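**Q** What follows is a single structure, and I will ask about it in a moment.
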Amino acid sequence: KKEAGAMTMDARKQRVLQAIVALYGLEGEPVGSSVLANYFDMAVSSATLRNEMAALTKLGLLEQPHTSAGRVPSAKGYRYYLDNLLTSDQPLDRVTRARVDAVFASLDHEPEKLAAGAAKALAAISGCTAAVSTPCAEDLCIAHYEVVQVGRSAAAVLAVTTAGYVRTRVARVRTGLSREAAAALAALLNRNLTFVAPVDLSPRLLAELCSQIDPELVPVISAAAAILQDSVKPHVFLGGEQYLLNWPQLDGKVGDILTLLNDEEQAADLIAPPADRNESVLLGEDLEPQIPGMCIVSDRYLVGGGLWGSIALIGPTRMPFQKLMPLLHYFADQLGEGMSGKRKDTPQAAAPRRTVIYKEDLE
């Protein structure tokens, strides 16, 4: 949806706003008319530019800090720029593309390790904080369970989701667990809790399963149920949290941002683009409570089989969007290919790893 002020925005005002966003993103300093005139190679006079800047200020798209004659984009100005002027169709430069390809060739392609590695790599290349959520879909469930004794009084429950990644939870079993008991428990779980939607995991079903085993082994059933409930929730991995400290615009707000991002469920919602879009830009002013000056740029990556995840950059509103958007899109493409097993970096890429598991595959 276009900003209401678009009716009064002619092409020159748009170019001036675009230039101020770019210059402020580059230098972090308020932009004056003389700097702007140099940007336009003196094709427009300083007097004309001052008039245009005054008009943009009147529209609420620019602000004038008290200590400077220059202007900076307002939250409304950034929103207008992002909705109307930002073009993200330019390709990533060859050198950076090669660097990203090398990163993905070296990462472990188990989904959760890949998400964690991608978040750290995107942060390092971009200089911003990055977040990646694991692939998810509403119909995700467990395809297979294993139960393994670990130590004298604990059992590990391993579950393979229909997205192809492994979840683990450790249960305390006071009396220990024999190999036979572990195998019997795994068989019980595979008969009753595989390909079951979390919403169908009723207290009655759990009580029925618990009634079939020694009461000392009930924690194993509870652990399996917890994994099933957890399977529909994406996990979010962060990278480069320290970069938040590099932006003066975020002074005094880093604690609030990290609190927001460390709530995994909340972070997953924040970085997920709307259902009808593959990308989105969320400003701190859009949040409740507001965190002025913060910005989250998100992209959706597609895995196949109805699975998708999100990848995002978190920083100040003066992030260099034109530079970062192609990088974010390329990371999203590579992440989608990596999660679905379509490796480009080895000859074995012709035989992609299967990541979506159906019940008939196991029979």
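**Q** Restricting the search to region 189-212, which residues are within 29 Å of the chain's Cα centre (by Cα), open to solvent by 60 Å² or more (accessible area, probe 1.4 Å) and either of a type outside the set (A, V, I, L, M, F, W, C) or within 10 Å of Ala225 (Cα to Cα) (or both)?
**A** Asp200
**Q** Considering only region 25-73, state which residues are polar (S, T, N, Q) and either open to solvent by less than 40 Å² (accessible area, probe 1.4 Å) or closer than 14 Å to Arg12 by Cα (or both).
**A** Listed by number, the residues that qualify are Ser33, Ser45, Ser46, Thr48, Asn51, Ser68.
**Q** Among the residues of region 288-300, are any over 27 Å from Pro30 (Cβ atoms), open to solvent by 40 Å² or more (accessible area, probe 1.4 Å), in contact (Cβ under 8 Å) with a residue 24 or more places away in the chain and among the acidic types (Asp, Glu)?
**A** No - not one qualifying residue is present in region 288-300.
**Q** Exactly one condition in (1) under 30 Å from Leu26 (Cβ atoms); (2) over 18 Å from the mean Cα position of the chain (by Cα); (3) exposed (fewer than 15 other Cβ atoms within 10 Å of the Cβ) is false for Ala183; which is it?
**A** Answer for Ala183: the failing condition is (1).
**Q** Give the residue, chosen from Leu313, Leu307, Leu328, that is touching a strand residue (DSSP E or B) at 6+ places or on another chain (Cβ under 9 Å), among the hydrophobic types (A, V, I, L, M, F, W, C), more than 20 Å from Ala124 (Cβ to Cβ) and open to solvent by less than 40 Å² (accessible area, probe 1.4 Å).
**A** Leu307
**Q** Still on this structure: Search region 246-286 for residues being farther than 20 Å from Tyr81 by Cα and small (Gly, Ala, Ser), and hand back the single one that is most open to solvent (accessible area, probe 1.4 Å).
**A** So the residue we want is Ala275.
**Q** Same structure again: Please report, ordered by residue number, the helices (runs of 4 or more DSSP H) entirely within region 30-99 with at least 1 residues that are under 17 Å from Pro320 (Cβ atoms) and touching a residue at least 24 places away in the same chain (Cβ under 8 Å).
**A** The helices (runs of 4 or more DSSP H) meeting that bar are 33-39, 75-80.
**Q** Follow-up. List the number of the failed condition for Gln90; all other conditions in (1) open to solvent by less than 70 Å² (accessible area, probe 1.4 Å); (2) touching a helix residue (DSSP H, G or I) at 6+ places or on another chain (Cβ under 9 Å) hold.
**A** (1)
**Q** In this structure, does Gln348 turn out to be assigned to a helix (DSSP H, G or I), farther than 22 Å from Ala163 by Cβ and either over 17 Å from the mean Cα position of the chain (by Cα) or modelled with pLDDT of 90 or more (or both)?
**A** No: the conditions fail for Gln348.
**Q** Additional query: Out of the residues in region 169-180 that are in contact with a strand residue (DSSP E or B) (Cβ under 9 Å, 6 or more places away or on another chain) and open to solvent by 30 Å² or more (accessible area, probe 1.4 Å), which is farthest from Glu112 (Cα to Cα)?
**A** Ser178
**Q** Can you work out which of the residues in region 100-109 that are without any contact (Cβ under 8 Å) to a residue 12 or more places away in the chain and more than 20 Å from the chain's Cα centre (by Cα) is least open to solvent (accessible area, probe 1.4 Å)?
**A** Residue satisfying both the conditions and the ranking: Ala102.
**Q** Here is a follow-up. Determine which single condition Ile125 fails, assuming it passes every other condition in (1) open to solvent by 10 Å² or more (accessible area, probe 1.4 Å); (2) more than 27 Å from Asp299 (Cα to Cα); (3) modelled with pLDDT of 95 or more.
**A** Tallying (1) open to solvent by 10 Å² or more (accessible area, probe 1.4 Å); (2) more than 27 Å from Asp299 (Cα to Cα); (3) modelled with pLDDT of 95 or more, Ile125 fails exactly one: (2).
**Q** I'd like the full set of residues that are open to solvent by 10 Å² or more (accessible area, probe 1.4 Å) and over 22 Å from Leu260 (Cβ atoms), limited to region 316-325.
**A** Of everything in region 316-325, those that are open to solvent by 10 Å² or more (accessible area, probe 1.4 Å) and over 22 Å from Leu260 (Cβ atoms) turn out to be Pro320, Gln322, Lys323.
**Q** Do any residues in region 215-229 that are within 23 Å of Tyr165 (Cα to Cα) and open to solvent by 30 Å² or more (accessible area, probe 1.4 Å) have Cβ atoms under 6 Å from those of residues that are in a helix (DSSP H, G or I) and not basic (Lys, Arg), where the two are at least six apart or on different chains, and which pairs are they?
**A** Final answer for the pair search is Gln229/Pro198.
**Q** I need the full set of residues from region 128-168 which are in contact with a strand residue (DSSP E or B) (Cβ under 8 Å, 6 or more places away or on another chain), over 26 Å from Ser340 (Cβ atoms) and either among the charged types (D, E, K, R) or surrounded by fewer than 23 Cβ atoms within 10 Å (Cβ to Cβ) (or both), in order please.
**A** Val148, Gln149, Val150, Ser153, Ala154, Ala156
**Q** Is region 215-234 home to any residue that is closer than 22 Å to Ile311 by Cβ and of a type in the set (A, V, I, L, M)?
**A** Yes.
The values are calculated or read from the model by the stated rules, or taken from the named source; none is laboratory data. Bear in mind that the values here come from a model prediction, so they are computed numbers and not experimental data. Cβ atoms come from the backbone with ideal geometry, glycine included; neighbour counts cover every protein chain shown. Side chains are part of the model used for accessible areas, which takes the heavy atoms of the whole protein and leaves out ligands, DNA and RNA. Shrake-Rupley method; radii C 1.70, N 1.55, O 1.52, S 1.80 Å.
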